[in-house]
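The values are calculated or read from the model by the stated rules, or taken from the named source; none is laboratory data. In this text, all values refer to a predicted model and were calculated from it rather than measured experimentally. Every residue, glycine among them, receives a Cβ derived from its backbone with ideal geometry; neighbour counts consider all protein chains shown. Side chains included, ligands, DNA and RNA excluded: accessible areas come from the protein's heavy atoms. Shrake-Rupley method; radii C 1.70, N 1.55, O 1.52, S 1.80 Å.
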Amino acid sequence: MIGTTSTLEFLVGRQKGMVRKLSSLIRLLLSSNEAQAQINQVDTDLREACLVCGIVLVDSPLYKQFRVCPGCKFHYGLSARDRIQSLVDPGSFKEINRSIASIDPTSASSKSAYTARISADQKRTGLYEAIVTGVCSIGGSSATLIALDFGFMGGSISSVVGEKVALAFEHAARRKLPLVAILTSGGSRVHEGLLSLLQMGKITVSAERFSEKRLPLISVLANPTTGQAFASLANLADITLAEPGAIVGFSPARTIKESEVKSKIPSINNAESQLSHGMIDAIVDRTNLNETLATILDLTNPEFRLSYRKKAKRNQTPLPKQRAWQSVGLARHTKRPTSIDYINRIILNFFELKGDRSTGDDLAVLGGLGHLGGQTVMVIGQERGGENIDGANDGMTSPSGFRKAVRLMRLAEKFEIPVITLIDTPGPNQSIQSEQQGLGSSIALTMSVMASLNVPTIAAIIGQGGSEGALALAIADRVLMMQNAIYTVMAPEEAASIMFDKSTTNEEAAESLRLTAADCLELNIVDEIVGEPLGAHESPDAAARQLRRFILIHLTDIGNWSNFRRSRRRYRKFRQIGEFTKKFGSPTELNPSPSSVTDHSESISSRTPASGLYFQETTSLEKIDPLDHDHEISDD
């Protein structure tokens, strides 16, 4: 009996070995046929002159390698394998799920024509279907790669394409790899009817399952990307890039042409228009795509976290006292560094992410990924604009700007990286268009999302911190404030005209608003003041160096907090803002004379002249009513 079993195992093992050898031989033959088909395709695709500008192409290395015209930079089509070769590290690509085939889903009447079309495209391109999937490394970062091929039935989404996309998502999730999708597709595979349409559902549920692993999905939109591919893979991505001049949009090219003939309104279905309307993050030339993807993959896969080499006790350097109106002037100084100035000085490998994926891209808010002290961070800054940035509207943030900030915060939470906000705005954009687009809703959503983030958050007020526009980005674990910045409920000029009588000056209104950094620190609104030894407008480098140091210190302090501790401390921080008393009495009881106040750190008397109402300020909630507020409970 034992001998019979051994003989059977030997025969089974031998049969498996023969099958493996036969499979390897078939793959080798297919590779040879595919390689020859690609060579023939390359020879056919090469053009002598550019169709757009007429420049000679045959001797251009740029055209031969990337199919990009050296004159007008027009991007010609590439096969899936050529795209892969231009993107991945040499020899790193390994194809997966190559020879998948579906049971013919077409009706009997169209079966022969469809089968013939598939066969012809297989011979011409050397591919099984309109997609190639595999694993590779890009700039040293491992990734799963999907590439559609427009040369195979217009890159349309068939049952096989949908299945290979789903398998690629599952493979990436198992191996904890990011996924890069290179898309060029004309839409659905109408030959397969409803089964082709339902592949969008398959792709969507696969992408959602993949997203639960907190892994990045990056899409690159080539010419054209329309229909099913655009409404699924392209818009499910965390970060979306596009090639210059690519036709990008849901409507297919023929529909676009028909609509342009009937209407004088310019089409949105190109990469440049999609960028201006906030639907994609960046337009990247094909020659720079490898480096760009390598940077994004590095930034979205954080490997390092800040820690102290040596933790020393820090003392707050005494800051000179200055009048509120002087701070207002310095905060509004035309030469004062803006958010982009600080980002360029303190953040490495910064990659800007654009658009709210809804209505537009507000230039008053800029944000993106970068490295600070070797750690990946998400930076979101309010930008006043200047010589190099037009359309920032002096930093007044619109609903699309707030929605962009929300999108970036959620990305940061998904990738588990800290959020740093740079605040510099006179207030939100209160135009009619902003109201129609939901200004109040977008402000409330921004505050709500930032308050609930499960990642470290630091806000830095670098210039004007104007009203709700500033507060929306300041619900953070730590709030820093530059020495000459201001934080106010409204502009002093507006306060002077609304709150006080006509004899009140702007200077007096500014003092009453308590808007300076020293005032905000005294009121426990900010956690620390960042000094400006020479004034930020006089020495931007010194100011940036100071700000970078303080951000690193606080980021290191809060970086290892648990989510529970972070949520509890953030709640307590903002819950305790504002100082109250439960004691009622005459104004003289609540407001002792200045001569009777010996310790200004314990109580400060204030009066609102216009109303005649009196109130008392104290430094902490515990001193008012310690029994009602138990702050000794552990954070964890």
Ordered by packing density, taken as the mean number of other Cβ atoms within 10 Å over each peptide's residues, highest first, how do 471-484, 89-102 rank?
471-484, 89-102
So which of LYS164/LYS404; LYS64/LYS354; LYS123/LYS202; LYS94/LYS123; LYS176/LYS354 end up more than 24 Å apart, counting from Cα to Cα?
LYS164/LYS404; LYS64/LYS354; LYS123/LYS202; LYS176/LYS354
Please compute the per residue accessible area over the range 465-576 with all protein chains in place, 1.4 Å probe, rounded to a whole number of Å².
43
Can you list residues whose amide H is under 5 Å from ILE157's amide H, if they're 5+ apart or on another chain and H is modeled 1.01 Å from N?
GLY187, SER188, ARG189
With θ set to phi - 60°, apply the Karplus curve 6.51 cos²θ - 1.76 cosθ + 1.60 along the range 393-398 and write out the HN-Hα couplings as whole Hz, x wherever there is a Gly or Pro.
6, 6, x, 6, 7, 9
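Send over a whole-number figure in Å² for the accessible area per residue of the range 101-241, probe 1.4 Å. Each step should come with its number before you reach the end.
On the way: 5210 Å² over 141 residues.
That works out to 37 Å² for each residue.
Taking Cα pairs under 8 Å and at least six residues apart, what relative contact order does the range 152-254 come out at, in percent? Walk me through the intermediate numbers first.
Values: 192 pairs, mean separation 30.8, N = 103.
Computed over the range 152-254, the figure is 30 percent.
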Given Cα pairs under 8 Å that are at least 6 residues apart, what percent is the relative contact order of the range 374-482?
30
Do you know the relative contact order of the range 463-560, to the nearest whole percent, from alpha carbon pairs under 8 angstrom that are 6+ apart?
28
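Quick one: with all protein chains in place, what share of the accessible area of the range 76-166 is carbon or sulfur, to the nearest percent (1.4 Å probe)? Don't skip to the end; give the middle numbers.
Details: 1980 of 3610 Å².
Heavy-atom surface of the range 76-166 belonging to carbon and sulfur, 1.4 Å probe: 55 percent.
For an R0 of 35 angstrom, estimate the FRET efficiency from the Cβ-Cβ distance between LEU319 and SER358 and round to the nearest 0.05.
Working: r = 42 Å, r/R0 = 1.21.
After rounding, the FRET efficiency stands at 0.25.
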Of the listed peptides 400-409, 149-158, 525-534, what is their order by residue-averaged count of other C-beta atoms within 10 Å, with the highest listed first?
400-409, 149-158, 525-534
Please list the non-local residues whose amide H lies under 5 Å from the amide H of PHE350, H modeled 1.01 Å from N, same-chain partners needing a gap of 5 or more.
HIS371
Quick one: if the Förster radius is 22 Å, what FRET efficiency do THR115 and LEU46 give, using the C-beta to C-beta distance and rounding to 0.05?
0.10
List, in order, the whole-Hz ³J(HN,Hα) value for each residue of the range 130-147 obtained from phi through the Karplus relation with A = 6.51, B = -1.76, C = 1.60 and θ = phi - 60°; use x for Gly and Pro.
7, 8, 10, 10, x, 10, 7, 10, 10, x, x, 9, 6, 7, 9, 10, 10, 9
Could you work out how far the C-alpha centroid of the range 142-160 sits from that of the range 184-221, in angstrom?
11
Give me a comma-separated list of calculated 3J(HN,Hα) values for the range 356-371, in order, Karplus coefficients 6.51, -1.76, 1.60 applied at θ = phi - 60°, integers in Hz, x for any Gly or Pro.
9, 6, 9, 10, x, 10, 7, 6, 6, 10, 10, x, x, 9, x, 9
Find how much the distance from ARG569 to LYS73 grows on full extension, using 0.36 nm per residue of separation minus their present alpha carbon separation; answer in nm with one decimal.
173.2 nm
